[in-house]
Each structure stands twice: as structure tokens, then as C-alpha cells.
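Asker: Attaching a single structure in C-alpha cells format; questions to follow.
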Amino acid sequence: MSTSEIASILDNSKELDRLRKEQEDVLTDINKLHKKLQTNPEVVEKPGDMSLSKLKNLYIQAKDLAETEVRVSNILLSQLEALLPPGPPGQQRRRVVAEGNEQKKKQKKNDSDISRVSPSMRNQLDNLASLKGEQVAARVTTEDIEKDEYIVVKVMHYDRETREFEVLDEEPGDDDEGGGQRKFKLHASNVIPFPKRNDPSTALDFLPGRAVLAVYPGTTALYKATVVNPHRKRKTDDYLLEFDDDEGEDGSMPRRTVPFHNVVALPDGHRQ
């Protein structure tokens with residue numbers, strides 16, 4: 001593992017710790033306000049009292065922190081999955097075809113392994129269920145395929161026990177695929193949440209020269225690209241990207257505009 005990959009894992013771990021501490025502070029403030037209202041409920045009827053407004057803002061802040069925690073946790077889960085030693089050749093295929101029950105046992109063991117690597121991660125797994133109904137980036141190719149294929153899918157269900165997502169590709173398939181919408185069952189490590197378009201706090205700020213994974217304009221497919229914006233004043237500003245293998249007829253690399261909520265961090269070991 002490279003130094004930059006280790007640094008990225010440590011940075012994400014620190015960010016999780018910061019988010020958890022901030023959530024604890026917000027929860028303390030909520031509990032204090034609850035106690036105040038329970039002890040003296042008539043205070044809300046006094047002119048100029050802001051207790052209910054403060055409580056509403058605290059709950060909004062808690063919700064935003066929780067959603068950001070889900071996004072950072074999922075990124076860190078993907079990074080930690082890469083640290084786990086792979087099984088013997090052919091093990092995965094045998095599990096899928098002939099050892100369905102054994103697959104669940106081994107998956108539970110992997111969950112335990114992740115908890116030993118990072119104890120705080122187990123508390124984050126339940127938060128993944130909140131992605132139901134959301135669009136996410138998903139790797140839909142198997143390990144034996146040379147290139148990774150990421151597409152935009154909708155989360156239909158999350159299984160807390162197996163840490164598997166059921167997702168739907170809402171775009172109609174090709175004729176040779178039946179022409180209908182495709183469904184996949186994917187491990188959590190193959191799913192990346194998008195920043196929320198109406199919540200800039202969930203957006204990551206990628207600097208010029210940074211490699212990212214982004215939705216190619218006019219499609220639901222994601223490809224590796226490089227940030228070329230000279231400067232972005234706000235996190236909600238669009239990115240200007242150069243996609244790999246996107247040369248024009250004159251050999252130049254066109255710069256394409258992509259909304260911030262369609263850009264995520266490039267997964268470690270991405271193959272394109």
C-alpha cells in the first residue's frame with residue numbers, strides 16, 4: 001500500500017472521529033433543550049422565545065452530520081476492504097455457486113475483521129440503510145473483469161447482516177440484455193454515495209489536478225477524470241473535468257462541465 005493510500009485512510013478516520021464528536025455535542029444540546037421544555041413547557045408560549053426554533057435547527061444539524069458520516073464511512077469501508085487478504089483462487093466462485101450458507105458465515109467473519117481493524121466502523125454499518133431510495137455510484141463488474149464499470153443506480157434495499165445492497169439500474173438495457181431495467185446485489189464496498197445536490201456540506205472539494213470518478217455528461221456511466229478548474233469559489237460550483245480516453249478528432253482533451261453532485265473520489269485500485 002502506498003503512502004498516499006495510508007494517508008487517505010488516516011484522514012478519513014480522523015474525519016469520522018471529528019463528525020462523531022460533533023454529533024455528541026449536538027446531542028448534548030438537544031438533550032439539554034428537551035429537559036428545559038419538559039421542566040417548563042409553558043416557556044414556548046412566551047413572546048420572543050426561540051426554544052422550538054433552536055430545537056429544529058439542532059435536529060437539522062444532527063441529520064446533516066449523520067448523512068456526512070454515512071458518506072465518509074462508506075469511503076473508508078471501501079479502503080479497508082482493500083486491506084483484507086484475498087481468499088484462495090476460485091474461492092469466490094465456489095461460494096457463489098455451491099456454498100450459499102457458507103458465504104454468509106464468511107461475510108460475518110469479514111465484518112468481525114473490519115471491526116478489529118477499526119472498532120468505530122461497526123457503529124457506522126447501520127447508517128448505510130439510510131441510502132434507500134437514493135442514487136449512488138455502483139461498481140457492477142466482477143473481480144475477474146479487467147476494467148471496472150461504474151454506473152448510476154438506485155438503492156432499493158440494504159441487508160445489514162450481509163452488508164449487501166439491492167440496486168436498480170433505471171436505464172433500459174440493450175436488446176441483448178432483454179431491454180429492461182437491470183437489478184444487482186452488491187457488497188457495500190462496491191457502492192459510493194453521491195454528494196446531495198441540496199446539501200453542500202456533503203460535497204468534497206477536489207483541487208485542480210486531482211483524479212476523480214464522475215458521471216460523463218449525457219450518460220449514467222462514471223469514468224475517471226481529472227479536475228482542471230482554475231478555481232472554485234463554492235463547493236456547489238460545477239467541476240470542469242478532462243475525462244480519460246476522451247480525445248477529440250484533433251487529439252485535444254475536451255473540458256466538460258459536471259455538477260458537483262456527480263463527482264466522487266476515485267476508488268483505490270480503480271481499473272479503466
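The values are calculated or read from the model by the stated rules, or taken from the named source; none is laboratory data. Because the structure is predicted, anything quoted here is derived from the model rather than measured. Note: ideal-geometry Cβ built from the backbone for every residue, glycine included; neighbour counts use all protein chains shown. Ligands, DNA and RNA are excluded from the accessible area calculation, which covers all protein heavy atoms including side chains. Shrake-Rupley method; radii C 1.70, N 1.55, O 1.52, S 1.80 Å.
Asker: Looking only at residues that are among the hydroxyl-bearing types (Ser, Thr, Tyr) and over 16 Å from Gln272 (Cβ atoms) in segment 220-262, which one is least open to solvent (accessible area, probe 1.4 Å)?
Answerer: Checking each candidate, the answer is Tyr239.
One line per residue, one yes/no per condition, for (1) farther than 27 Å from Ala188 by Cβ; (2) open to solvent by less than 100 Å² (accessible area, probe 1.4 Å); (3) touching a residue at least 24 places away in the same chain (Cβ under 8 Å):
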| position | (1), (2), (3) |
| --- | --- |
| Gln23 | no, yes, yes |
| Val26 | no, yes, yes |
| Leu37 | yes, yes, no |
| Asn40 | yes, yes, no |
| Val43 | yes, yes, no |
| Pro47 | yes, no, no |
| Leu52 | yes, no, no |
| Leu58 | yes, yes, yes |
| Glu69 | no, yes, yes |
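Asker: Right, here's the next one. Please verify whether segment 101-120 includes one or more residues that are touching a helix residue (DSSP H, G or I) at 6+ places or on another chain (Cβ under 8 Å), modelled with pLDDT of 85 or more and either in a helix (DSSP H, G or I) or not β-branched (Val, Ile, Thr) (or both).
Answerer: no
Asker: Can you tell me which residue among Ser78, Ser53, Ser4 is part of a helix (DSSP H, G or I), modelled with pLDDT under 85 and touching a strand residue (DSSP E or B) at 6+ places or on another chain (Cβ under 8 Å)?
Answerer: Residue meeting the stated conditions: Ser78.
Asker: Do we find that Glu170 is at pLDDT below 90 and open to solvent by 60 Å² or more (accessible area, probe 1.4 Å) in this structure?
Answerer: yes
Asker: Are there any strands (runs of 3 or more DSSP E) wholly within segment 165-272 with 2 or more residues that are without any contact (Cβ under 8 Å) to a residue 60 or more places away in the chain, and if so which?
Answerer: In segment 165-272, the matching strands (runs of 3 or more DSSP E) lie at 182-187, 211-215, 221-227, 239-243, 256-258.
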